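*Asks:* There's a structure below that I have some questions on.
Coordinate-derived values only; no laboratory data. Being a predicted model, the structure only gives us computed values, none of them experimental. Virtual Cβ from ideal backbone geometry, glycine too; neighbours counted across all protein chains shown.
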Amino acid sequence: MPDQDNIEIINIYSALSGCYFPPDENLAGLVIQLEENLRSWVPKAREPMASMTNYLKKQNSGLTEMIIDYSRLFLGPFGVLAPPFGSVYLNPGKKMIMDETTEEVAEMYRQAGLHMDEDFNNPADHITVELEFMHYLHHQEQAALNDSNNHKAHEFQTFRQKFFREHIGKWGPVFAAKVEQAAQTDFYKGLGSVTRLVLAAEAGKLASK
């Protein structure tokens, strides 16, 4: 039988990943999905979530301000304030993308039976991909439980725990803090805070096992 908490977590990671793509007309729906599923699993996220939704409601003139802030934070061109790549944080001495940690992540995707879309132009350790991978691993674990396949569910749980400990759980909180601190809009300040709190909840879930 589906576990409601697990379903909420699956939906949270999917929406959170989507929020780190350039802002467009799909963003409002993602924010609604995020807000609805965060309520019970991460109650501390209520305040930053409200900042995000209130900001969106006030954007009558379009997304220009958000696009500018998004570019400052994640794209550049005059320095990136919150680089969205794991390798930058896992190898701080190098401060570069596409190193051995990027390949480690790509290999974990392959081990899980996934392959990067050829049309996706970002490295394997981009924040959107790693959050979506967390969504996938939670989803596969729940699907196995629905089929009463406890062995397969345990395999996905173990794989998720390893990925979290070695990758997004290590660099994600630092990245999220940078987003919180450097963002100029309430939306991205809130998104950084929500990301930090979601990863902290995942770490707490891991520690309780």
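*Asks:* Let me know the charge dipole size of the chain about its Cα centre in debye, to the nearest 20, where only the beta-carbon of Lys, Arg (+1) and Asp, Glu (-1) is charged. Intermediate results must be reported in sequence, preceding the final value.
*Replies:* Numbers: 19 positive and 28 negative charges, 165 e Å.
I would put it at about 800 debye.
*Asks:* Please arrange MET49, MET116 by counting, for each residue, the other beta carbons lying within 10 Å of its beta carbon, fewest first.
*Replies:* On the way: MET49 22, MET116 13.
Fewest-to-most Cβ neighbours within 10 Å comes out as MET116, MET49.
*Asks:* Tell me, what is the FRET efficiency for LYS58 and VAL174 to the nearest 0.05, using R0 = 25 angstrom and their Cβ-Cβ distance as r? Working shown, then result.
*Replies:* Details: r = 30 Å, r/R0 = 1.20.
Using R0 = 25 Å, I get an efficiency of 0.25.
*Asks:* Further question: For THR128, THR158, what ranking results if the residue with the fewest other Cβ atoms within 10 Å of its Cβ goes first?
*Replies:* Numbers: THR128 17, THR158 13.
Placing the least packed residue first, the sequence is THR158, THR128.
*Asks:* Would you mind getting me the FRET efficiency between ASP5 and LYS152? Use the beta-carbon distance for r and R0 = 25 Å, nearest 0.05.
*Replies:* Values: r = 19 Å, r/R0 = 0.78.
According to the calculation, E is roughly 0.80.
*Asks:* OK, next. Go ahead and run the numbers for FRET between GLN184 and ARG110, Cβ-Cβ distance against an R0 of 41 Å, rounding to 0.05. Working shown, then result.
*Replies:* Details: r = 38 Å, r/R0 = 0.93.
Plugging the Cβ-Cβ distance into 1/(1 + (r/R0)^6) gives 0.60.
*Asks:* Determine the gain in length on full extension of the stretch ASN121-GLU103; use 0.36 nm per residue of separation and subtract their C-alpha separation, reporting nm with one decimal. Walk me through the intermediate numbers first.
*Replies:* Working: separation 18, 0.36 × 18 = 6.48 nm, distance 1.51 nm.
Stretched fully, the ASN121-GLU103 segment lengthens by 5.0 nm.
*Asks:* Lys and Arg at +1, Asp and Glu at -1: add these up for the other residues within a Cβ distance under 15 Å of VAL194 and post the number. Walk me through the intermediate numbers first.
*Replies:* On the way: positive: ARG39, LYS44, ARG46, LYS178, LYS189, ARG196; negative: GLU8, GLU35, GLU36, GLU47, GLU180, ASP186, GLU202.
The answer is -1.
*Asks:* Further question on the same structure: For the chain, how big is the tail of P(r) above 32 Å, as a whole percent of Cα pairs?
*Replies:* Values: 3178 of 21736 pairs.
Tail of the P(r) past 32 Å holds 15 percent of the pairs.
*Asks:* Then there's this: Please list, by residue number, everything in the stretch 180-194 whose backbone N is under 19 Å from a paramagnetic label point 7 Å out along Cα→Cβ of ALA203.
*Replies:* Only 180-182, 190-194 pass the distance filter.
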